[in-house]
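For reference, the structure is listed below as structure tokens.
The values are calculated or read from the model by the stated rules, or taken from the named source; none is laboratory data. Because the structure is a prediction, the values reported are computed rather than measured. Every residue, glycine as well, gets a Cβ built from its backbone with ideal geometry; the counts of neighbours run over all protein chains shown.
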Amino acid sequence: MPSFVFILFTTSGFYFLGRTGIPNQNGIIDWELRKDKDGIQVFTRNYQNSEIKEFKAVTVLQTDLDTLVEILKDIDKYPFWMANCKSALTYEVINDSTRIDYMTTAVPWPLNDRDVVFKFMIIKQSENYFEAILKAVPDRVPEEKKFVRIRNSEGRWTFTKIEQNKIEVEHQFFGDPEGSIPGWIVNMFIVNGPYQTLTNLRDRCQK
């Protein structure tokens, strides 16, 4: 599952994301590198017609594929490594590769905390590669008044074995936190969250 929209509200450190991406020869907005530290890179780009950026975080971890897959499937432990995640649970299991997950995320006062409902789908899983995609399905779980429901978000996790006990991790995500938060403010804080999530994931793999 994702480092989801809660990562947009990290309160420690930020990179200003005022520039727009540059289209390549195919008219697709290329990724812009925004942070490169301790072996973790975070990129951003424009997302469709939204003012809010999409991010991609990439690193290489000294671990095995099975360990990473088990961490990603163990949703109850998400609050221990995903930035600002308050709670996470599986609401419904559809089949072996698809489930409905529910998560809540803490945001700074005076904003209300957010919640999000995702369909988590494993697209491909082999000895050398794993890919799962996430898509918001906001109406699958009843809303609670104390949370603002995130309705527009999607992303993916990919794990690629590049050699023995060395896995490339890529996490791509877009999330609109809803409410009256201006897009430019969200974009100011969009880098540190995925960076912290991958840092925590690395630490968790080493335990």
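For (1) at pLDDT 95 or above; (2) more than 15 Å from the chain's Cα centre (by Cα), each residue gets a yes or a no:
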residue: 21; (1), (2): no, yes
residue: 27; (1), (2): no, yes
residue: 33; (1), (2): yes, yes
residue: 42; (1), (2): yes, no
residue: 60; (1), (2): yes, yes
residue: 65; (1), (2): yes, yes
residue: 72; (1), (2): yes, no
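Being surrounded by fewer than 17 Cβ atoms within 10 Å (Cβ to Cβ), of a type in the set (A, V, I, L, M), closer than 27 Å to residue 207 by Cβ and more than 15 Å from the chain's Cα centre (by Cα) is a property that does not hold for residue 111. Filtering segment 49-63 to residues that are surrounded by 15 or more Cβ atoms within 10 Å (Cβ to Cβ) and in contact with a helix residue (DSSP H, G or I) (Cβ under 9 Å, 6 or more places away or on another chain) leaves 52, 53, 55, 56, 57, 58, 59, 61, 63. For segment 137-150, the count of residues that are buried (at least 21 other Cβ atoms within 10 Å of the Cβ) and modelled with pLDDT of 95 or more is zero.
Scanning segment 35-50 for residues that are charged (D, E, K, R) and under 23 Å from residue 167 (Cβ atoms) yields 35, 36, 37, 38. Checked against the criteria, residue 76 counts as under 17 Å from the mean Cα position of the chain (by Cα), farther than 17 Å from residue 154 by Cα, exposed (fewer than 14 other Cβ atoms within 10 Å of the Cβ) and not hydroxyl-bearing (Ser, Thr, Tyr).
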